[in-house]
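The values are calculated or read from the model by the stated rules, or taken from the named source; none is laboratory data. Model, not experiment: these values are computed from the prediction. Ideal geometry is used to build each Cβ from the backbone, glycine not excepted, and the neighbour counts take in all protein chains shown.
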């Protein structure tokens with residue numbers, strides 16, 4: 001799987017991170033436990049995903065929970081090839 005999110009547009013004040021994980025990793029992340037990820041952007045205001053993943057089920061997570069005073073809106077144009 002190839003995912004290109006190069007057209008991401010977010011406000012400069014919005015701080016977020018995005019990550020890819022398996023269903024098990026996502027469940028652990030959601031419950032604030034240690035979780036392995038295939039991709040983790042770290043905290044960013046604008047980003048591009050360029051990741052090669054094998055066949056399977058993955059979760060793409062947009063996380064802005066730590067951005068307490070910023071706008072919570074994130075928009076994205078994602079293409080999966």
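Tally up the residues in the stretch 47-63 that are outside any strand (DSSP E or B), at pLDDT 80 or above and surrounded by 11 or more Cβ atoms within 10 Å (Cβ to Cβ), please.
Just the residues of the stretch 47-63 that are outside any strand (DSSP E or B), to begin with: 47-49, 53-58.
Checking the rest, the ones that are also at pLDDT 80 or above come to 53-58.
Filter once more, so that each one left must be surrounded by 11 or more Cβ atoms within 10 Å (Cβ to Cβ): 53, 58.
Result for the stretch 47-63: 2.
Give the residue, chosen from 37, 24, that is in contact with a strand residue (DSSP E or B) (Cβ under 6 Å, 6 or more places away or on another chain) and free of Cβ contacts under 8 Å to residues at least 40 places away in the same chain.
Working: 24 fails: in contact with a strand residue (DSSP E or B) (Cβ under 6 Å, 6 or more places away or on another chain).
Every option except 37 fails the conditions.
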